[in-house]
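Student: Structure below; questions to follow.
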Amino acid sequence: MARGELESVARALVPKGKGILAADESSGTIKRRFESIKLESTEENRRAYREMLFTTQGIEEFISGVILFDETVRQKAKDGRSFPEVLAQKGIIPGIKVDKGTIDMPGFPNEKVTEGLDGLRGRLNEYRELGARFAKWRAVITIGPGIPTMTCIHANAHALARYGALCQEAGLVPIVEPEVLIDGDHTIERCEEVEEATLKCVFSELLEHRVALEGMLLKPSMVLSGKECPKQASVEEVATATIRCLRRVVPAAVPGIVFLSGGQSAERATEHLNAMNAMGSHPWEVSFSYARALQDPALKAWKGEAANIPVAQKVFHHRAKCNGAARYGKYSKQMEAMAA
Ligand code: 13P
């Protein structure tokens, strides 16, 4: 694909008022999510759940793209249309998770590296035929005593860059996702340090690998206090630290930053995004690509029962709308109260 097309898809994923729904849970992850509502993870339950989300009326007002999993990109709605068709007909851009998950990094206790580069060129071509126009690859960086090591950061950044280059060759916009995990008792200052070192390395590798920054999106974690840290940063502190860190290391050529939610509560993830957008204009669009923060309340309302679909869709629509408002810095607690 020509660079211009990659650039226009990347921009179409981050218009004002909209963001991305990550619905690309791997088989293991969706099994864990379903266990939380005591539902068995069968292929039909996974299909029904995704159909509930994707056919929610009006979400296209707030959702620009949806990231699918390999199984999901091949599944169909009850009316026979494939999920990529269902989404495209609503004006939502279908995307695909293409990494194959993380493994323990040999010789580096408690650190992970992401697999999936072998054979990726062929898989990308197939996904494009199935309707995908963008892709996602997640790398994981863990904070702990003596970690992350630069070796782990470098190995993951290198894989992200190899993936990014292959995507652009295949005509897919790469979403580059280095997730610095929230797990641990580290301070927000330590998180900022690790986030900065990680992103510096990721962009250096992307440039080395000739990835066109205009035709990609960055999916980082926010700069947060570790989940177990006794001192939890305020919404303002998170917004300030995150934007400060990103401004130092993310080139302005990147059209958008689409955060993951990473285990924050749904409302907190919206508040953080809102605070960042309320700070004023930034060199890039500041948006979302949430899985849990968009889906968790709807999953709980659905409980695997067809009779609950209307209420689950209402809950999902509400979260999408709140995050859409946060794209303008116009979200307020009142929006939650009104919906309740
Ligand atoms: P969460 O928003 O639940 O962190 O998921 C985003 C994602 O796509 C992780 O890869």
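Student: For the chain, set up a GNM with springs between Cα atoms under 10 Å and report which of Ile182, Ile93, Ile37 has the largest fluctuation.
Tutor: Ile37
Student: With an 8 Å Cα cut-off and a minimum separation of 6 or more residues, compute the relative contact order for the stretch 1-160 in percent.
Tutor: The value is 19 percent.
Student: Restricting to bridges with both residues inside the stretch 1-159, how much of the DSSP beta-bridge set is antiparallel, in percent to the nearest 5?
Tutor: Among the beta bridges of the stretch 1-159, antiparallel pairing accounts for roughly 30 percent.
Student: What value in Å³ per residue do you get for the convex hull of the alpha-carbon atoms in the chain?
Tutor: Measuring per residue, one finds 128 Å³ for the Cα hull of the chain.
Student: Going through the stretch 273-305, which trypsin sites (Lys or Arg not before Pro) have at most 16 other Cβ atoms within 10 Å and a DSSP loop state?
Tutor: Answer in residue order: Lys303.
Student: Considering only protein heavy atoms and a 1.4 Å probe, what is the carbon-and-sulfur percentage of the accessible area of the stretch 211-281?
Tutor: Ligands and nucleic acids excluded, carbon and sulfur give 48 percent.
Student: What accessible area per residue comes out for the stretch 168-286, rounded to a whole number of Å², with a 1.4 Å probe?
Tutor: 36 Å²
Student: Residues of the stretch 1-66: accessible area per residue at 1.4 Å, in Å²?
Tutor: 45 Å²
Student: Most fluctuating residue of Thr29, Thr114, Thr72 in a GNM of the chain with Cα springs under 10 Å: which is it?
Tutor: Highest fluctuation of the listed residues: Thr29.
Student: Ignoring ligands, DNA and RNA, please state the percent of accessible area on the stretch 1-118 from carbon and sulfur, probe 1.4 Å.
Tutor: The value for the stretch 1-118 is 49 percent carbon and sulfur by accessible area.
Student: Points 7 angstrom from Cα along the Cβ direction at Val311 and Glu71: gap in nanometres?
Tutor: 2.6 nm
Student: Sticking with this one: What is the antiparallel percent of DSSP beta bridges lying wholly in the chain, to the nearest 5?
Tutor: 15 percent
Student: Next up: Given H placed 1.01 Å from N in the peptide plane, which residues other than close sequence neighbours of Phe288 have an amide H under 5 Å from its amide H?
Tutor: Ile20, Phe259
Student: Right, next: What is the gain in length, in nm to one decimal, between Ile103 and Glu61 on full extension, counting 0.36 nm per residue of separation less the C-alpha to C-alpha distance?
Tutor: Stretched fully, the Ile103-Glu61 segment lengthens by 11.4 nm.
Student: Nearest 0.05, what FRET efficiency do Asp79 and Asp185 give at R0 = 51 Å with Cβ-Cβ as r?
Tutor: 0.55
Student: Just to confirm, what accessible area per residue do you get for the stretch 91-148 at 1.4 Å probe, in whole Å²?
Tutor: Roughly 46 Å² per residue, with all protein chains present.
The values are calculated or read from the model by the stated rules, or taken from the named source; none is laboratory data. Predicted, not measured: the structure shown is a model, and the values here were computed from it. Ideal geometry is used to build each Cβ from the backbone, glycine not excepted, and the neighbour counts take in all protein chains shown. Note: areas computed on protein heavy atoms with side chains; ligands, DNA, RNA excluded. Shrake-Rupley method; radii C 1.70, N 1.55, O 1.52, S 1.80 Å.
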